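The values are calculated or read from the model by the stated rules, or taken from the named source; none is laboratory data. This structure is a prediction, so every number in the text was calculated from the model and none was measured. Don't worry about glycine lacking a Cβ; one is built from the backbone with ideal geometry, like all the others, and counts go over all protein chains shown. Ligands, DNA and RNA are stripped out before the accessible areas are found, and what is left, the full protein with its side chains, is counted by its heavy atoms. Shrake-Rupley method; radii C 1.70, N 1.55, O 1.52, S 1.80 Å.
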Amino acid sequence: MSLRGYLIEGAKELGVGVSEKDADLFFEYLENLKTWNDKINLTSIKNDRDIIISHFLDSISVAPLIEDGKRVLDIGSGAGFPGIPLKIVRPGLEVTLLDSVNKKVSFMNDTIRKLGLKRIKAVWGRAEEPPNDVPLRHFDYIVNRAVGSISDTLKLSSPYVSEDGTIILMRGKRGSEEWNTAIEAVENKFELVDFKDFTLPLSDLKRIIIALRPL
Ligand code: SAM
């Protein structure tokens, strides 16, 4: 299968539509990621197919939980995951990408510019110290992929989520264990609205998605 086939068919398996035009944006993103990765450390995954599966498909695996047109904050976005892929497949979203490493923020803003994406920005800062342009209690969805423990991530996310908003945690193969450890501390403060345990398409990579709403 071609790389484009991996992306489009893999997305279909996740219930997400990727058009040819979306695919063009993903490949432009892939090229920019590889160019910058030669200069700064953005990802240890170097192979195109693995980037498509472990970064792009993984990122859009939460798209079915996200309604287009809403406001999304990606805390600890790194090289833009999951926020930039989500913006490509849900173009009506207003997306803010927050990261504490300035070079990663520069990479994200360069990618946004090269892909011609609108209503998306990357902001430099630590979630504990809300930057001026990242308002509190404002976002319909907070997404986090691979940022700290479940309880730490919830602490970082809670101030930013709107009253009816949802916090979406994306975890790897130890996600179920982590959730079982965190559940007691979390259950009086959050309602579990979705829990998905699945394998990423075209791979044997286990993933967990936990969606929570503050009580
Ligand atoms: N979400 C991306 C992904 O899945 O590829 C990056 C994950 S990386 C393991 C964690 C990222 O979170 C890093 O880019 C780091 O700079 C950022 N980060 C860690 N603590 C943070 C904080 N308190 N506020 C903002 N960003 C933070």
(message) Taking the solvent-accessible surface of protein heavy atoms with a 1.4 Å probe, what is the per residue accessible area of the stretch 3-214 in Å²?
(response) 46 Å²
(message) Could you compute how much accessible surface Lys121 exposes when probed at 1.4 Å, giving the result in Å² to the nearest 10?
(response) 80 Å²
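Order 156-166, 85-95 from most to least packed using the mean count of other Cβ atoms within 10 Å.
On the way: 156-166: 18.0, 85-95: 21.3.
Taking the mean over residues of other Cβ atoms within 10 Å, the ranking is 85-95, 156-166.
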(request) Pick out the long, greasy-scoring helices in the chain: whole DSSP H runs spanning 24 Å or more along their own axis by Cα, mean Kyte-Doolittle at least -1.0. (result) 20-37
(message) As I understand it, the dipole of the chain uses +1 on the Cβ of Lys and Arg and -1 on the Cβ of Asp and Glu, about the Cα centre. Which of Ile112, Pro130, Ala23 lies farthest toward its positive end?
(response) Ile112
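Summarise the accessible area of the chain (1.4 Å probe, protein heavy atoms) by the percent that is carbon and sulfur.
Working: 4820 of 10110 Å².
Within the chain, the accessible surface is 48 percent carbon and sulfur.
Ranked highest first by average number of other Cβ atoms within 10 Å, how do 54-62, 134-142, 122-130 line up? List each step's numbers first, then the result.
Details: 54-62: 25.0, 134-142: 18.6, 122-130: 15.6.
So the order, starting with the most tightly packed, is 54-62, 134-142, 122-130.
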(message) Quick check on the chain: helices-only [θ] at 222 nm, where DSSP H runs of length 4 and up contribute -39,500 (n - 2.57) each and the sum goes over total residues. Nearest 500, please.
(response) -10500 deg cm²/dmol
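Taking 25 Å as the cut-off for C-alpha to C-alpha distance, list the pairs among Lys21/Lys121; Lys46/Lys104; Lys70/Lys121; Lys46/Lys196; Lys46/Lys155 that go past it.
Details: Lys21/Lys121 21 Å; Lys46/Lys104 17 Å; Lys70/Lys121 15 Å; Lys46/Lys196 27 Å; Lys46/Lys155 32 Å.
Check vs 25 Å cut-off fails for Lys46/Lys196; Lys46/Lys155.
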